[in-house]
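Below: one structure, written as structure tokens.
The values are calculated or read from the model by the stated rules, or taken from the named source; none is laboratory data. No experiment lies behind these values; they were computed from the predicted model shown. When we count neighbours, we look across all protein chains shown, and the Cβ atoms used for this are built from the backbone with ideal geometry, even at glycine. What goes into the accessible areas is simple: the full protein's heavy atoms, side chains included, and nothing from ligands, DNA or RNA. Shrake-Rupley method; radii C 1.70, N 1.55, O 1.52, S 1.80 Å.
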Amino acid sequence: VFNWKKVLKNKRELIIKNNLIKVLNANFDSAYHKIESSIFISAFIIRKLIENDKLTTESDNFDFQIKYYKSINNVNKINRLDICCNYNLNKEYSKSVKGKEICNWIIHSYIFIPIFKKNILEGFYLSSDFDRNKILYKIELDRWLKYVDIIIEDKVLTKTMSYNIKKNDYIFIDKK
């Protein structure tokens, strides 16, 4: 667990270090690549920690408040980056989702479009290959980094498990 969290911390630092005007202006392609790849790798690490029961129940169930938009067109490989034509960006909705869901959307992203404000990455639009024709999500970078911080700091001290007949396996029912 420690090594995964060490890599996760490094990816978080890379995002912050490269999301500066002077760094992005000096070599945008390189800086943005480091940011984007760090987001993807951090999502994979977090999902792996969750699936291996290496996080507390509280971290497993961390909720994000996110914005989303409904689709108005069929999204395909040719038009997927044209979000203005594919989604109703004038009507914004909100909902609460688990951090693991966001990790899955990032890992299975069909659409991943950065949102810049004053030359700084503020967040990203995201839609997985499963729901590209339904919803476009808007993830704020600050919220993503807060989630990464929570995962880095999380420590499991005790676990309680029970046998689940349907799964034919033991499951953790509480991790603190």
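Tabulated data
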quantity: Identified option (computed Rg/Rh (Cα atoms, Kirkwood Rh); candidates (1) 0.95; (2) 1.12; (3) 1.01); calculated: (3)
quantity: Calculated [θ] (222 nm, deg cm²/dmol) that DSSP helices of n ≥ 4 give over the chain, each run adding -39,500 (n - 2.57); calculated: -13000 deg cm²/dmol
quantity: Distance from region 5-67 to region 140-176 (C-alpha centre basis), Å; calculated: 18
quantity: Separation in nanometres of the label points that stand 7 Å from Cα toward Cβ, at E51 and S94; calculated: 3.2
quantity: Cross-link pairs beyond the 25 Å C-alpha cut-off, checked among K6/K175; K100/K175; K22/K155; K17/K117; K91/K117; K100/K138; calculated: K22/K155
quantity: Accessible area per residue in Å² at 1.4 Å probe, computed on the chain; calculated: 59
quantity: FRET efficiency for I115 and E13, using Cβ-Cβ distance with R0 set to 25 Å, rounded to 0.05; calculated: 0.75
quantity: Fraction of accessible area attributable to carbon and sulfur, the chain (%, probe 1.4 Å); calculated: 51
quantity: Given charges at beta-carbon only (K, R positive; D, E negative), |dipole| of region 1-122 in Debye; calculated: 220
quantity: Peptide ranges 124-131, 96-103, 80-87 listed from the most packed, as the mean C-beta count within 10 angstrom indicates; calculated: 124-131, 96-103, 80-87
quantity: Whole-number percent relative contact order across region 114-176, with pairs defined as alpha carbons under 8 Å at least 6 apart; calculated: 20
quantity: For region 49-105, convex hull of alpha carbons as volume per residue, Å³; calculated: 88
quantity: Helical segments meeting 27 Å axial Cα length and Kyte-Doolittle 0.0 threshold in the chain (DSSP H); calculated: 28-51
